[in-house]
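Here is the structure we will look at, set down as structure tokens.
The numbers here are math on the coordinates, done by the rules we state, and not lab data. Predicted model, so just to flag it, every value in this text is computed and none were measured. Cβ placement follows ideal geometry from the backbone for every residue including glycine, while neighbour counts extend to all protein chains displayed.
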Amino acid sequence: MAAANASKTQATDVVGQIVYALRAMGVAPIPRNYQLFYEAYIGANGALTQRLAALGSYASQEELDDLAAEFLGTAQVEVIERVHDKLLVELEGLLTLLRQEQQSMESYTRLLGETATRINSKANYSTDIIRNAIKLLTDATGDQMAQGERTVGSMVEHSQEMDQVRRELDEYKRIANTDSLTRLANRRAFDERLAALYDAAPNLPVAALILADIDNFKKINDSFGHPVGDKILSSVASVIRANVRKDLFVARTGGEEFAIIVEGNTADEVMLICERIRCALETRSFRNSRSGVQYGPITISLGYSMGSQAADAGALYANADIALYHAKHTGRNRTVLFDESLRGDYAGKNWLIYRG
């Protein structure tokens, strides 16, 4: 329970950091701005972070939207704004219908009460009164039934519109949680999934986090250019996805780093998963089909930690990162399982030296 609470606290802290950044820059806390700041400060997008900081305090909404269009694409902004507006319209429509139905029922109830009182009054008892009362009740009941049918029809229409809104929200969530280059989950989706891992504490002994980093990726970009680098990132993502079970969560967490959340496997079985990925990449040919230029060999280093080795999501990520550091530092193109003995060697080291 304590671990789960710690994970939820971390998620809350992320939200708090973004809200604080919005306030500090005098930015309106609307959905599309939250999305932009998340990518800048949590999504490991260094270029976006620098550009956003350069705007200074009280950036205009137009400047923010220009950044969103450049770094996130207009699709995300358009979807969330359109869905937000439609949701408000449909909710207001439903509330209006419910108010009208309530008023109609209140009028009908009053009429029933008044008619019953009149019939029960012996002083006013007569055949005409009964006949008129029956006619009045019949007409009122027919009107109320017609009103109910109209309300039901309108509710069905609103329900259909709400279904469309739900589909659009699902599409927004898919876009917002997907890395546009590799089509894997992105850092936002990864953070949420990793935090949720500790909500199911009994599964921790057979849960693990794998971090994988392409070896010498900077040299690839420097030698062949970023477009080639992007193609290799996409190809590596495809290899990873093709060599793990469909139920495993795979994300690109930033740059050339990938993460895999494994549930239901022992440490030895996780090692086999890592080695299957590593060997698949090691033996794959990365070649330009037109020019014949070889971009490889492309290799990957992997580090992983079991869920039971960490008290919360943050500690699990740190453990896997330490294991990845050792995989890089001891020769690359290998897999390392976290062990407490590795922590001392990691402390104080410039990990960035071994990225790549």
Can you compute the modelled spin-label distance between HIS226 and SER238, with each label point 7 Å from Cα toward Cβ, in nm?
2.2
Which FRET efficiency, nearest 0.05, do GLU62 and GLN17 yield, Cβ-Cβ r, R0 22 Å?
0.30
Please list 3J(HN,Hα) in residue order for the range 330-341, calculated via the Karplus relation 6.51 cos²θ - 1.76 cosθ + 1.60 where θ = phi - 60°; whole Hz, with x for glycine and proline.
9, x, 6, 6, 8, 10, 10, 8, 4, 9, 4, 5
Label model pair GLU275, ALA24: point-to-point distance (7 angstrom along the Cα→beta-carbon line) in nm is 4.6
Using Cβ counts within 10 Å as a stand-in for footprinting exposure, how do MET271, MET306 rank, fewest first?
MET271, MET306
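Going by C-beta contacts inside 10 Å, put LYS328, LYS231 in order with the fewest on the left.
Numbers: LYS328 22, LYS231 15.
Taking fewest neighbouring Cβ atoms as first place, the list is LYS231, LYS328.
In what sequence do VAL228, VAL236, VAL293 fall when counting other Cβ within 10 Å, fewest first? Don't skip to the end; give the middle numbers.
Working: VAL228 16, VAL236 24, VAL293 11.
Going from least to most buried by this count: VAL293, VAL228, VAL236.
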Using alpha carbons only: equivalent-ellipsoid semi-axes of the range 201-330, gyration tensor based, whole Å:
29, 15, 12
Would you work out the charge dipole size for the range 187-354 about its Cα centre, treating the Cβ of every Lys and Arg as +1 and the Cβ of every Asp and Glu as -1, and quote it to the nearest 20 debye?
820
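Counting only DSSP beta bridges with both residues in the range 231-356, what percent are antiparallel, rounded to the nearest 5?
Details: 6 of 9 bridges.
About 65 percent, rounded to the nearest 5.
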